[in-house]
Each structure stands twice: as C-alpha cells, then as structure tokens.
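Remarks on the structure that follows.
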Amino acid sequence: MRTVRRQLRRGDSCFRALVLMIVSVCAATMGAWVWGSGALLFKKRLVIEMSHHQLSLNGPGASDGVQTPPASAVQSREAIVTTSNKVCPPCPDAKPPPPSVLPMASDPKGMNCSVNGDYLIGCRKDGDEVFMPASFVKKFFDKGVYEFRYSYGSVHPPTPVYEPGGAFLNFYRYFVEVRGMLLCTTASEGVPLAIQWDPAGYFYPITVAQFGLAHHAKGIVNGNPEPKVLSSGDLGPAGWKLPQDGSGSIKVVEEQVKGVTRKVLAFNAPESMTGEGPTFVINSEELALCVSIKMTSPGGGLTIKVKTKKFPVAYLHFTHEDTYMRVDGAHITLGMKQKNFGKWMRLTRDLDVDIIKGFNSAKDHLKQTIEVLEVTLHGRGFIDNMTVAATAHNENLMHAADWLVENQDQKGGWPTSSALDNFEMQLPPGWYSAMGQGQGMSALVRAYNLTGDRKYLESAEKALYLYTVSKIPIGILHLKLGSEEGGVRARFLGQLDWYEEYPTVPTSSFVLNGFIFSMMGLYDVMKTSEGEPQRLAEKLWDSGMRSLKFMLGMYDTGAGTLYDLRHVINHEPPNRARWDYHVTHIALIHEMAIVDGDPIFWEAWARWKGYLKGIRSHHN
Ligand SMILES: *[C@@H]1O[C@H](CO)[C@@H](O)[C@H](O)[C@H]1NC(C)=O
Ligand SMILES: *[C@@H]1O[C@H](CO)[C@@H](O)[C@H](O)[C@H]1NC(C)=O
Ligand SMILES: *[C@@H]1O[C@H](CO)[C@@H](O)[C@H](O)[C@H]1NC(C)=O
C-alpha cells in the first residue's frame, strides 16, 4: 500500500493528467461512470489521494479580485483533505470527511477504492480499467461540467512591455467600482466610496487609485471612444425643450471657467428636484454621461432619467446635498455636497454603475441599465460640455488623480481615515499603506502622462517620502524628534527594507503583493521624474529589489505561494495565498521579470504558473 501511495505521489502529475484526460472524454460518453487506469490497481483496491489544491474547480470569475473576500465555494472544495500521520498527539489534525454513503462494492466486478486512506467507496472494475461513480466525482465540479483543473485561478498576462504611461498590469480586467464593499462612485469626488470598515463611508486610497488605474488600462486595451458632444456653450441651447407652462429658460452666457472667459449655458427653472425644467432627450444605449455643472440655487441640480431592468423609468438626481447616496423607490440621489455649491463640478457617470449601486441589483456584473432617456435641469445654474459615450475611462482616471492631489497630506501620504481592526491586524485611523502610496503614484504618473500637468507628477514625487520613514520609532533620538515614525518602511530581520501594505507594530507581516505594488509606483516615478525625486525613487527601488531577490524564496511553498511572512516573524501557521492572490503574485512577478530581467523572476514566474496546473517542485 505504501509503495503504491508513494508511486502515486511520485507520479502525481501524470496520474492526474491521465485522470483528467480520461474523465473528460468518458464523462461525456458514459455519463454515470468514470474510469481510472488499471495500472494503479493494487490488491484490488484503488488508492486515491486528493487535496483541494491539486484537484479543484473551475469557479466562475473567481480571479477578478485583488482584495476580494474569499468565495465560500473555496471551502467546499476543501471537503477532501489529505491527512497525514502526525506524531505529536496535541497536533490538531485535518478532519476527515464524512464517510461515503456509496455502497461498498459487492458484485464480482466491484472493488473498493480508498479515499485518502480515510474511507472506502464502491467502484467497478472492467479488465484493467477502474470506474468510479460519477456521484462521487461530481462534487469536484460545478455546473455539471466535468472540466478538470487544478486551480480556479486563470492567468491574464500583462502587456509584454511595461511603461509608466501604459496599461497597469492586467488591471483592464478589473471592475473596481462595482465591488461589494463600495457604496457608490460619489458625485462630489467622482471616485468610489468604501464602506468595508466603516458603514458611514470613507475613501480608501488603494481603491481610489485602482479605480483610476483599471479605467486607464481598459482605455488602452479596449479603446477610448470619442465622446459625442450633446450640448455645450458653443452649441447653444439647441436640443433643450422647455416646460409647457413657460416656467424655465436656457440661454448662452459668458462665464469665467478656470480663469478663461467662455460661452456656457445658463438655466433657470423651478427648484424642485422632481419638477419640470429644461430637458434634453438623449435616448442612447451608451451609458457614460459626462457634464459640467455649476449651481447658483442650492435646492436645484440635474436629473438623469434612465430605463433599467427593474424600473421602466429610474431617476438619478444630482444636487448639493451632504449625502453620498440616498435611494427612495425609483429615485437615487447622489450628493454633490454643500462645500461644492457655486463651483464648477464635472460629473462623470457610468450610469450602469449608479443603477447597480443604487438598487443593489448586482454586485459584480454590469448591465442593469438599458438606456439613458433624458436629462432635466432644476433651479438656477450653468452647464457645459455634456457628452455621451460607451465609456469615459480617462475621465475616471482624472477623478482619481484629482482626488489623490487634493487629499495628499503634509507627509505626501494618503492616510486611511478608518481604523483597520480585524482579528489579525490593528492599525489606528490615519494609517498609511505602502501599497496605497505606490498605486497612488502609478495613477498620478498616468494622469501626468495624459495631461502633461506637472501637479500630478509632483504629487507622485511627494508620495516617496513615507517610503523613507520607518514604521516604528527607531530610537530615543527619533522619538524626541518625533519625525522618524509613522512611515511605511519595515526592515526584515533588521537588514532588508520592506515597504509594508499594513505597517502594523510591533510585528510586520511582509505582505508580498502589497510590496510589489509599492515597487511599481517607485518604478513609475523613477522612469518619469528627473533630478532629486528620480534619484530618490531609484534608491528606494534598488533597495526594495535587493530585498525582493533575497526574500522571494520564502514565499514559495513548492506547491503555491504564501501571502505574507507571518509564519517566519510571528510563529503563526503559514498564510497560504488563495488562488486569487496566487495569480496576482504571478502577474506581479511577471512584471518584475519584464522590468528587471533577473532570471530568478522568470523562473519563479514559470514555477508559480505550474502550481496552477498541479505541478509541484521537486522533493527529496
Ligand atoms: C469492500 O469493503 C466492504 C466493507 O469493508 C466489504 O464488505 C466488501 O467485501 C469489500 N469489497 C471488495 C470487492 O473487496
Ligand atoms: C505617455 O506614455 C506613453 C506610453 O507609455 C509614452 O509612449 C509617452 O511618451 C508618454 N508621454 C509622456 C508625455 O510622458
Ligand atoms: C468645456 O470644454 C472646453 C474644451 O475642452 C474647455 O475649455 C472648457 O473649460 C470646458 N468647460 C467647463 C465648464 O469646464
């Protein structure tokens, strides 16, 4: 038995590949029975060893999430675990699964198959072949399709060349703003509002940056359609219908816009947000609507009517209320905030996202909105540059970049106002993340690339500072000065610089993906800036690279990767990266290989991809 098991283990990948091939063919033709290879027979018993990460399911869309919560489906895949004979009695052992309800084999063609040595199931033998019941095999597969995969992650390679102005990683695949832990894309800032750690809402710098980076990447990969200008000061009041009772007006006037005199449209209508007013009929299936608006009467604003799957007419109201989002039946109100009253605001609305968020209709897929019908103006104010297009990717990036510029503090940081407090980690409100700094820098460098406006690059350069600051007080002198703390830099064993996604004290976690994202930000600044900031970015990049090359092996289990190094630092069990994160690691290490070229990155990349297919490293 032992020899066979060993052989099975040794021939692991061959065995699995064979089963894979065989089962997919036979499941189709035979339906109820699946066969294994007769070569694996031993003493009339087939021994099957399975662990969830060798044979797992092709779960739908499971790999989209950087930072998504684990799918509960992952747990069910762990129903069958390999148990090993531990020698230390107090060791908690993996629980064997409930005994199979399948009848034991009794007829002459029958044989017993042992699963992990824990229980037997009845199988059938025909010549050299062994058939396993489909009812047993089925639980390894979703949707009744017998598709064998060793992991549910799929690799989406980045572009072969990395450029600071180019598509960020494989982010073109991410729909950041529809994620479940985000309330809405705010009207006041034009970026997503997080509610994960605080139901009142807060801006999470990483999410804001990712929102911008994902849109920018989508624009590069899928194209940026030229928006259709519906109305502007230059086009005049054409297309606007006034209420029958003569209560509204719209006309061209001259206004100061960013210090320049320009023609815009001035409107005047009753203040009620649900009343009548100048209306522009759009009737478009393209759902990215953008408009500049400046209100001079506080109760007014703009209403967009849309046709949705849920309501034949749903209303999106934009007004200067201090709310982020309020929903009442078919009416969704998105607050432009009182502080912005009397200022020009740019509304960039992915209407489908607004509808999905407002009606909570779908957490992770689009297309709840069928058509944008019309726009109606309320109260007094000005509008300009109303456009419609299928997407408005670069405008979304610019909202993220503007948020980053406006919300950067004295230290060049983007603090998170919400505390991080879960069973693993605690950080007080106002904490910085190296990943937030890095992704902020990557988004800003792209905004600079698009606009040529140096304020974006300068903001990215300011963000370098916290990389140079230790996350803990490193001595009395520093305590006295009070300046050398609160940064994002840790040191592994006091030797190697590490930029921390979660700069917890006293122990660090050394999260791999957050570190590499922080490195990408350094790379972008290093390749874009000049002079002193360029030299600083390069210095930080070099010392981070040195650490990464030293430490990379510690994240490699030979069968997968580890999320962090808490097992090294804290004597905790190794924190295995779930497949979502493993494929993120693959994409990140691929990018490191592309920009740095060191064979250790290319080798890790190839090896880590192999883990997805059940190929493990050598053992002794
Ligand atoms: C399978 O196992 C059951 C229970 O141990 C036993 O009764 C039966 O005879 C076995 N069948 C074969 C073919 O070995
Ligand atoms: C913007 O990025 C593109 C692609 O990386 C690059 O070719 C171009 O030179 C950049 N432009 C500026 C102004 O940095
Ligand atoms: C409308 O677009 C033009 C051209 O891009 C721009 O100059 C103007 O400032 C915009 N209007 C407003 C109100 O932003």
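A single entry from LEU522, LEU536 fulfils the requirement of being surrounded by fewer than 24 Cβ atoms within 10 Å (Cβ to Cβ) and either within 16 Å of ALA463 (Cβ to Cβ) or outside the structural domain of ALA443 (by TED's automatic domain parsing) (or both): LEU536. I'd like to check something: does region 239-249 contain any residue that is at positive phi and away from ligand 3 (no atom under 16 Å from the Cβ)? Yes, region 239-249 contains at least one residue that is at positive phi and away from ligand 3 (no atom under 16 Å from the Cβ). Among the residues of region 611-619, is any of a type outside the set (D, E, K, R), closer than 27 Å to PRO164 by Cβ and assigned to a helix (DSSP H, G or I)? No, that holds for no residue. Counting the residues of region 558-573 that are in a loop (DSSP other than H, G, I, E, B), open to solvent by 50 Å² or more (accessible area, probe 1.4 Å) and closer than 22 Å to PHE601 by Cβ gives 0. Remark: PRO533 falls outside the filter, which requires a residue to be in contact (Cβ under 8 Å) with a residue 60 or more places away in the chain and closer than 17 Å to ASN570 by Cα.
Filtered by the rule that a residue be touching a residue at least 40 places away in the same chain (Cβ under 8 Å) and surrounded by fewer than 24 Cβ atoms within 10 Å (Cβ to Cβ), region 425-447 gives MET425, GLN426, LEU427, TRP431. Checking every residue in region 400-417 against the condition of being on the phi > 0 side of the Ramachandran plot and in the same structural domain as LEU287 (by TED's automatic domain parsing) gives zero matches. Residue check: GLU254 meets all listed conditions (1) open to solvent by 80 Å² or more (accessible area, probe 1.4 Å); (2) at pLDDT 95 or above; (3) under 30 Å from the mean Cα position of the chain (by Cα); (4) of a type in the set (D, E, K, R) but one, namely (3). The one condition from (1) in a helix (DSSP H, G or I); (2) surrounded by fewer than 22 Cβ atoms within 10 Å (Cβ to Cβ) that THR507 does not meet is (1).
Evaluated against (1) within 21 Å of VAL353 (Cβ to Cβ); (2) open to solvent by 60 Å² or more (accessible area, probe 1.4 Å), PRO160 falls short on exactly one condition, (1). Remark: VAL388 matches the filter, which requires a residue to be touching a Lys or Arg at 6+ places or on another chain (Cβ under 7 Å), of a type in the set (A, V, I, L, M) and not in a helix (DSSP H, G or I).
Let's see how each residue does on (1) at pLDDT 95 or above; (2) open to solvent by 50 Å² or more (accessible area, probe 1.4 Å):
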| residue | (1), (2) |
| --- | --- |
| GLU276 | no, yes |
| GLU285 | yes, yes |
| CYS290 | yes, no |
| ARG326 | yes, yes |
| LYS337 | yes, no |
| ASN340 | yes, no |
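The number of residues in region 321-335 that are basic (Lys, Arg) and closer than 15 Å to ILE304 by Cβ comes to 0.
For ALA419, the stated conditions do not hold, so it cannot be described as surrounded by fewer than 23 Cβ atoms within 10 Å (Cβ to Cβ), in contact with a Pro (Cβ under 6 Å, 6 or more places away or on another chain) and at pLDDT 95 or above.
Of the residues making up region 168-194, those that are modelled with pLDDT of 95 or more, among the aliphatic types (A, V, I, L, M) and either open to solvent by 10 Å² or more (accessible area, probe 1.4 Å) or assigned to a loop (DSSP other than H, G, I, E, B) (or both) are LEU183, ALA187, VAL191. For region 294-321, the set of residues classified as under 31 Å from the mean Cα position of the chain (by Cα) and farther than 21 Å from GLN368 by Cα consists of THR319, HIS320, GLU321, listed by residue number.
The values are calculated or read from the model by the stated rules, or taken from the named source; none is laboratory data. Values in this document were obtained by computation on a predicted structure and should not be read as measured data. In this analysis, Cβ positions are derived from the backbone assuming ideal geometry, glycine residues included, and neighbour counts consider all displayed protein chains. Accessible surface areas use protein heavy atoms only, side chains included; no ligands, DNA or RNA. Shrake-Rupley method; radii C 1.70, N 1.55, O 1.52, S 1.80 Å.
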